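The values are calculated or read from the model by the stated rules, or taken from the named source; none is laboratory data. Computed from a predicted structure; not experimentally measured. Positions of Cβ are backbone-derived with ideal geometry, glycine not excepted, and every protein chain shown enters the neighbour counts. For the accessible areas, the whole protein counts, side chains as well, though only heavy atoms, and no ligand, DNA or RNA atoms are used. Shrake-Rupley method; radii C 1.70, N 1.55, O 1.52, S 1.80 Å.
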Amino acid sequence: MKKKLLSLLLSVGMAVSLLSGCGVSTDTGSTSTASTTSTEQTESSTKSTDTAKTETASTGKEVEITWMFWDDLEATEDLITKGYKEVIDRFNNDYAGTYHVKVITTNLEEYDTKLNALIAAKDTPDLFTCNPGPNLTQYVDAGVAADLTDILTNQEKDWYDTFSGGIFERITYDGKIMAVPTNFAAACVFYNTEIFEKAGAKVPTTYDELLETCQKIKDAGYTPISCSAGTAWCLSMVAGYLCDRVGGPDNLQNIADHQMEWTDPTFIDAGNKLKELSQYFQATAAGDSNDQATAAFYNGEAAMLIQGSWAIGQINGNNPDFEPKCGVFQFPAVTGGADPNRMIVKTDNLVMSSSTEHPDAVIALMKYFTDETAQKYTAEVGGKIPVVNNVEIDYDKAPAQLSYVQDILSSMTGTFGFYNESLASVEAGDVFDNAMVDIFLGNATSEEAFQKVQTFYEKNVWK
């Protein structure tokens, strides 16, 4: 696949209207905002935050900066994280005696809480990773994120010009660029070709076919789908696809403009389908984390995993032998529903603290994340799409799953973000997540669950 693919899909898909000041994506669920983190939370979270080791130790003479990330650079098998470690090691080696990066790591589920605790303690990392949508918005609104516009478009224009067109759209507020992307990914359905063959199952193109495929796989003695409800965004990602496949691209904008209610039949139907599909999840889905659900797939315990191409590095890093039997297909259409060629997409992004005392060092590090070495690794090893145009990628070296994802993206007609990160606030996303978990657990009907979201909007958004 040619490197121009990203520019094409960005021009096609990222012209979607932005609902909360910037775009939407996601890897994580939401937590408290920086302004509401308690002192107790600050103390306990700061104590439990670990600092990763790097190959080149500080001599004590360098200017030291901190970068916070949601995975352990030393213990991980995730290939993207390993690539990030290479970036840090390379930077620390090249800038020995001048700059040195101290990496602050935590697990994905606790990342937002611990980052907010550091911010509340006025110990904000010089650089941190953040998803677009309300997660980034809270840091922009609180003045935590630095405005990078002049740096990118003036001081470092040569660097800025290397990025693919449209890539900054979802991290721009009122014309101000507030983050720098490191890679691009899309949410698809991964499947075990070996299990499909043994079960006599075919790749589904519609929701009804998906149910038939799940039943055939279940009858053959296999778990059809591995999904995490313990990490709520994984479940609400599935719900978001169903909402979009049923109701189409105008749902979220109509909600934002209060031209539509959360109790609309579109959402109720999507919730009912989520409940129907969830009967084919693994028995432990309610408590499983994202990592556990993903491991169940690459260890051959389940036939399908609804995840993003950001999982390719995790899958192949933990079980390289699984790659030849890992296929990919796009989330199916709902018969009589909306356009099935719209994709959930995301970028990972770097945010510079507005309080950093060493912006030159931070910018130097950000450039390492997007240079030729890092971006070639992103595609050829990690299986994600680069965000710059000036790098020649040998796609024959890249994971096989990446070519499958790119084939799907080539027919994409539009993009949208995770529903929980497409709403009016982080809290609104939490309410949506919890409502989807309630549907899955049987604690609420689809009507009751979406009524909770409706009530939240009536009290807090549509006032």
What number of residues within the range 76-94 are out of contact with any strand residue (DSSP E or B) (no Cβ under 8 Å at 6 or more places or on another chain), aliphatic (A, V, I, L, M) and more than 29 Å from A229 (Cα to Cα)? 1
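Which members of the range 228-265 meet the condition of being in a helix (DSSP H, G or I), open to solvent by 10 Å² or more (accessible area, probe 1.4 Å) and touching a residue at least 60 places away in the same chain (Cβ under 8 Å)?
We begin by selecting, within the range 228-265, every residue in a helix (DSSP H, G or I); these are 232-247, 251-256, 265.
Remaining after also requiring open to solvent by 10 Å² or more (accessible area, probe 1.4 Å): 232, 246-247, 252-254, 256, 265.
Scanning the range 228-265 gives A232, V246, G247, L252, Q253, A256.
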Write out, first by first residue and then by second, each pair whose Cβ atoms fall under 6 Å of each other, whose residues are 6+ apart or on separate chains, and whose first residue, in the range 155-166, is of a type in the set (S, T, Y) while the second is assigned to a strand (DSSP E or B). T162/V388
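Can you name every one of the helices (runs of 4 or more DSSP H) wholly within the range 95-202 that holds 1 or more residues which are touching a strand residue (DSSP E or B) at 6+ places or on another chain (Cβ under 7 Å) and at pLDDT below 95? Give the steps one after another, and end with the answer.
Working: elements: 111-120, 134-141, 157-160, 193-199.
Here the list reads 134-141.
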Take the range 65-85 and flag every residue that is part of a loop (DSSP other than H, G, I, E, B), of a type in the set (D, E, K, R) and touching a residue at least 40 places away in the same chain (Cβ under 8 Å). E77, D78
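Could you please find all residues in the range 138-180 being closer than 29 Å to E64 by Cβ and among the hydroxyl-bearing types (S, T, Y)?
Of all residues in the range 138-180, those closer than 29 Å to E64 by Cβ come to 138-160, 162-163, 168, 171, 176-180.
The answer is Y139, T149, T153, Y160, T162.
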Residue list for the range 203-223, restricted to those being among the hydroxyl-bearing types (S, T, Y), part of a helix (DSSP H, G or I) and in contact (Cβ under 8 Å) with a residue 60 or more places away in the chain: Y207
State all residues of the range 378-404 that are of a type outside the set (G, A, S) and open to solvent by 40 Å² or more (accessible area, probe 1.4 Å); if no residue qualifies, say none. V381, N389, N390, E392, D394, Y395, D396, K397, Y404
Hey, A34 hits all of (1) surrounded by fewer than 20 Cβ atoms within 10 Å (Cβ to Cβ); (2) hydrophobic (A, V, I, L, M, F, W, C); (3) at pLDDT 50 or above but one; which does it fall short on? (3)
I408 passes all but one of the listed conditions (1) part of a helix (DSSP H, G or I); (2) closer than 18 Å to R342 by Cα; (3) touching a helix residue (DSSP H, G or I) at 6+ places or on another chain (Cβ under 7 Å); the exception is number (3)
Let me confirm something: among K367, K376, which residue is touching a residue at least 60 places away in the same chain (Cβ under 8 Å), basic (K, R) and either out of contact with any Pro (no Cβ under 7 Å at 6 or more places or on another chain) or farther than 22 Å from N290 by Cα (or both)? K367
